[in-house]
Amino acid sequence: MPLKYNTMKSFFLLAALACASTVFADNEIHVRGKVQFTDPGFKIVACRYEGFQRDTLATCEVRPDQTYEMKIPVDRPSVVTLNCANWQSVNVWMEDENLDVDFRGKDTARIKIKNPPFVYIKGGKNNELMNWINFESYRNYQQMIAVSQAAYRAQFTSEDERQSLSMKLYDHGNENYVEHLRYLVKHYADRTAVMAAIRGLNFEEDSVLIKQALNTLKKANSGATALAEAYMKEKSEALARKKRMEPGSVLPAFDCFSEDGTPVRISDFKGKAVVLDFWASWCGPCRQEIPNLKAVYEEFKDKGVAFLSVSIDGKKADWTKALQDEQMPWTQAWVKDSGKAVMNTMQFSGIPFILVLDQEGRIYRKNVRGKQIKDTLKEVLEGKPVQKPAKSTVSVSMGAMM
């Protein structure tokens with residue numbers, strides 16, 4: 001049974017191995033280790049992910065004796081992902097600890113299932129904490145696999161009943177995972193790697209705990225003040241963007257273009273309800289949603305409803321080929337930066353991301369799929385008021401941290 005769970009933490013939260021705690025004079029971290037199973041040209045790649053940006057910091061090939069060694073430039077303390085030829089990925093804390101990371105490497109099983117073993121960090125205090133963070137994520141993922149397999153084998157009266165129980169168990173596992181992260185944030189706030197655990201929490205739900213941890217961190221490490229302040233600034237800006245995307249708000253403007261390069265704007269559809277679909281040619285669930293969109297389009301196209309699909313494909317050619325394949329009879333557009341700007345503006349990280357706007361360009365409902373699209377359009381056309389979320393009482397004032 002495939003895993004489909006939109007709150008699952010990325011499986012990149014595995015483990016990294018760390019060794020000595022001596023920093024290179026030229027501000028580099030030395031990473032070395034062994035890979036048990038390799039192929040010629042096997043590479044280890046160190047990347048840093050920030051929002052939708054992926055920066056490659058260093059790359060090295062595994063030697064014939066199955067060892068590797070690399071130096072990674074460090075401009076600030078942060079989480080870095082070590083990728084072993086796309087077979088295993090592990091998060092490490094890059095600051096002042098040289099690392100010794102061993103991987104199993106290539107999957108040698110006849111039937112390959114993407115579930116690599118846990119990787120342990122040998123190192124200093126910060127990467128000891130990364131071990132805990134990564135292990136909690138790893139065990140959460142293993143639990144989800146076990147739940148899926150058990151649900152697949154069990155007898156249910158309907159598929160809906162199976163899915164409902166699975167989702168409840170997934171929710172329980174995720175709640176357990178978050179509780180463990182809270183424990184780590186509370187008790188290990190004296191080391192900078194606690195930022196990796198903090199980022200796994202919901203700022204609005206855990207703001208008091210997070211601010212307490214950041215205060216503890218700054219007292220224990222004066223150099224961490226910049227980290228704490230950068231995090232609070234980031235969250236303040238994120239909350240502002242989130243507020244702009246609440247139901248009842250006018251959809252923020254964004255840039256997208258037709259096949260011939262003509263700008264396409266939401267304001268072009270003012271006076272009509274709008275179904276706005278963000279998708280990509282490489283996204284299986286996006287392509288699976290298209291037949292439903294076609295059916296909804298046929299039902300509502302003459303009832304004051306406009307449709308706009310916006311591709312976040314990195315290559316325009318991939319988008320135009322998909323348009324030929326899918327033959328969607330409504331307005332199509334493309335963004336030129338693989339969706340980075342619009343995903344940041346609209347506050348989404350997965351696709352398809354489908355919104356329904358009212359006749360004034362206000363967000364009526366977001367992240368709708370399947371029958372929800374049709375039902376939401378009926379509410380808009382009937383003039384039912386938008387359901388606005390409760391006001392948040394969370395403050396991101398830096399003064400509360402001092």
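The values are calculated or read from the model by the stated rules, or taken from the named source; none is laboratory data. Please read all numbers here as calculations on a predicted model, not as lab measurements. Here the Cβ positions follow ideal geometry from the backbone for every residue, glycine too, while neighbour counts run over all protein chains shown. Ligands, DNA and RNA are stripped out before the accessible areas are found, and what is left, the full protein with its side chains, is counted by its heavy atoms. Shrake-Rupley method; radii C 1.70, N 1.55, O 1.52, S 1.80 Å.
Each row is one residue, and each column tells you yes or no for (1) under 28 Å from residue 228 (Cβ atoms); (2) open to solvent by less than 60 Å² (accessible area, probe 1.4 Å).
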| position | (1), (2) |
| --- | --- |
| 95 | yes, yes |
| 107 | no, yes |
| 135 | yes, no |
| 154 | no, yes |
| 164 | no, yes |
| 168 | no, no |
| 176 | yes, no |
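Any residue at all in region 109-129 that is open to solvent by 10 Å² or more (accessible area, probe 1.4 Å), within 25 Å of residue 27 (Cβ to Cβ) and either in contact with a Phe, Trp or Tyr (Cβ under 8 Å, 6 or more places away or on another chain) or of a type in the set (S, T, N, Q) (or both)?
Yes, some residue in region 109-129 is open to solvent by 10 Å² or more (accessible area, probe 1.4 Å), within 25 Å of residue 27 (Cβ to Cβ) and either in contact with a Phe, Trp or Tyr (Cβ under 8 Å, 6 or more places away or on another chain) or of a type in the set (S, T, N, Q) (or both).
Within the bounds of region 57-64, is there any residue that is touching a Leu at 6+ places or on another chain (Cβ under 7 Å) and part of a strand (DSSP E or B)?
No; the residues of region 57-64 include none that is touching a Leu at 6+ places or on another chain (Cβ under 7 Å) and part of a strand (DSSP E or B).
Counting only residues that are modelled with pLDDT under 75 and either open to solvent by 70 Å² or more (accessible area, probe 1.4 Å) or assigned to a helix (DSSP H, G or I) (or both), how many does region 377-391 have?
Going through region 377-391 one residue at a time, the tally reaches 3.
Name the residues in region 88-107 that are more than 11 Å from residue 30 (Cα to Cα), out of contact with any Pro (no Cβ under 6 Å at 6 or more places or on another chain) and not aliphatic (A, V, I, L, M), would you?
If the condition is that a residue be more than 11 Å from residue 30 (Cα to Cα), out of contact with any Pro (no Cβ under 6 Å at 6 or more places or on another chain) and not aliphatic (A, V, I, L, M), then 89, 91, 93, 102, 103, 105, 106, 107 are the ones that fit.
List the number of the failed condition for residue 225; all other conditions in (1) hydroxyl-bearing (Ser, Thr, Tyr); (2) under 29 Å from residue 97 (Cα atoms); (3) in contact (Cβ under 8 Å) with a residue 12 or more places away in the chain hold.
Of everything listed in (1) hydroxyl-bearing (Ser, Thr, Tyr); (2) under 29 Å from residue 97 (Cα atoms); (3) in contact (Cβ under 8 Å) with a residue 12 or more places away in the chain, residue 225 misses just condition (3).
Name the residues in region 248-305 that are within 17 Å of residue 364 (Cβ to Cβ) and in contact with a Gly (Cβ under 9 Å, 6 or more places away or on another chain), would you?
250, 251, 266, 267, 269, 270, 271, 272, 273, 274, 278, 304
Within region 130-149, is there a residue that is closer than 30 Å to residue 182 by Cβ, outside any helix (DSSP H, G or I) and touching a residue at least 40 places away in the same chain (Cβ under 8 Å)? So that I can check it myself, show each step before the final result.
Taking region 130-149 first, the residues closer than 30 Å to residue 182 by Cβ are 130-149.
Filter once more, so that each one left must be outside any helix (DSSP H, G or I): none.
Within region 130-149 (the criterion being closer than 30 Å to residue 182 by Cβ, outside any helix (DSSP H, G or I) and touching a residue at least 40 places away in the same chain (Cβ under 8 Å)), the answer is no, since none of the residues qualifies.
Which residue out of 139, 63 is of a type in the set (D, E, K, R) and over 23 Å from the mean Cα position of the chain (by Cα)?
None of the other options fit; the residue is 63.
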